[in-house]
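Report on the structure given below.
The numbers here are math on the coordinates, done by the rules we state, and not lab data. Since the model is a prediction, treat every value here as computed from it, not as a measurement. FYI the Cβ positions are ideal-geometry reconstructions off the backbone, even for glycines, and counts take in every protein chain you see.
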Amino acid sequence: MYCEHCKQQMEEDAIYCPFCGNRLVSRENQLDRPLTSKEINQCRHKSEKRWYVFLCVLNILIILSVVTVFIVNFKDNLKDFSNRMKNEMNLMEEAMLEDLEAKNEEQKEESKESTKTSKETKKQQDEKSDKNTKEADEDVDTLEDYVIPVEVEYFILGIMILFILPFMLNIYYQSYRASAVPITPRNFPEIYDRIQLYAKRLGLKEVPEAYIMQENGVLNAFSAFIIKKQYIEICADLFEVAYREHKDIDAISFVIAHELAHIKLKHATFPYNIRILFSNSIPILGSTASRAREYSCDRLAQKVTGIDGIDAMFALMVGKHLYKDVDKQAYLHYAQTVNGFFVWCVNLVSSHPVMTKRIQALAMKQGSGKLY
């Protein structure tokens, strides 16, 4: 039996919690009911929202700064571009006039020196060709001297990204659909039922599509999105953990719940990511915010599944064959010894917490993991 107020497991035959007096519920009933908004928010890392707001503000400042510089320097850049184009046109006109005069002179010389040998005529033709080549090279060099201002480059790049991003997201989505097997009531029904249950517990309006795909031995899963749709992709080797190697459906269930948590917390949605499109790519800042999101989804996955998720992390670390042989307590003791400046540096630039910190946070079962 389980007390929802004290978050403690009780004796199986107990009816009321001896600490708070609340009526106890069975583990099965606890895992069937939808989570409340309060319970979901309690699973968020304490720094996640703060980092997201910071990235949103920074993203706006980046856009405003580029647009402002572009507008302020627009007249100067346009004037400079116009002057360069006029100079190019003048140079082209002068070159054409020189060519015309040179041709007239050559025609006169040819009429006077028609008796010269063919060797001399060939020499003149070569000199003429060299002259034309030299003039063409000078024109090219003049064009290459023009450098596009940095703010113009950034402005054009930003516009291109905004237009190309939705197209690329749909390309990726369709490529996964074309190369993967959908998880349905007839394909991997146990996993399908878990996805349905966890989506219901999280209060998702629509159950995301889920696909299994071969990734050449990679043990991973991810949630992704197009403009108005989310889906999850699971590598085939993770399924072998549940269906072949150890018959361990809990490990893959935790991974699935983690990806569904990304969707519930809006991490895998177009509006969420478009607001931090540019700021999220800044080293350290973007990775720190990402680690906070990962901690939030780990904790929410624990809440949804009732599984600590440590076995799932071991599977990602040592593979599908050996993860069951790892001693949890021995590893947790080892994790406490992995620290220092260089570990801090590795964690700082990583989008996911280093595994020692991540597993320690999972073992806590409540609270926020360490970002640094």
- prompt: Going by how many other Cβ atoms sit within 10 Å of their own, how do LEU157, LEU277 line up, fewest first?
  reply: LEU157, LEU277
- prompt: What does the charge count near ASN347 come to, summing +1 for each Lys or Arg and -1 for each Asp or Glu among other residues with Cβ under 9 Å from its Cβ?
  reply: +3
- prompt: If you take the C-alpha gyration tensor of the range 285-352, multiply each eigenvalue by 5 and take the square root, what semi-axes do you get, largest first, in whole Å?
  reply: 22, 18, 11
- line: Taking placed amide H atoms and a strict 5 Å upper bound, the residues 5 or more places from ALA210 or on another chain that come that close are ILE183, ILE232
- prompt: For PHE278, PHE163, what's the fewest-to-most ordering of other Cβ within 10 Å of each Cβ?
  reply: PHE163, PHE278
- request: Could you grab the relative contact order for the range 292-372? Cα pairs under 8 Å, six or more apart, rounded to a whole percent.
  value: 39 percent
- prompt: Got a sec? How would ASP80, ASP311, ASP248 order by Cβ neighbour count within 10 Å, fewest to most?
  reply: ASP80, ASP248, ASP311
- prompt: Ratio of Rg to Rh for the range 161-364, alpha carbon only, Kirkwood?
  reply: 0.96
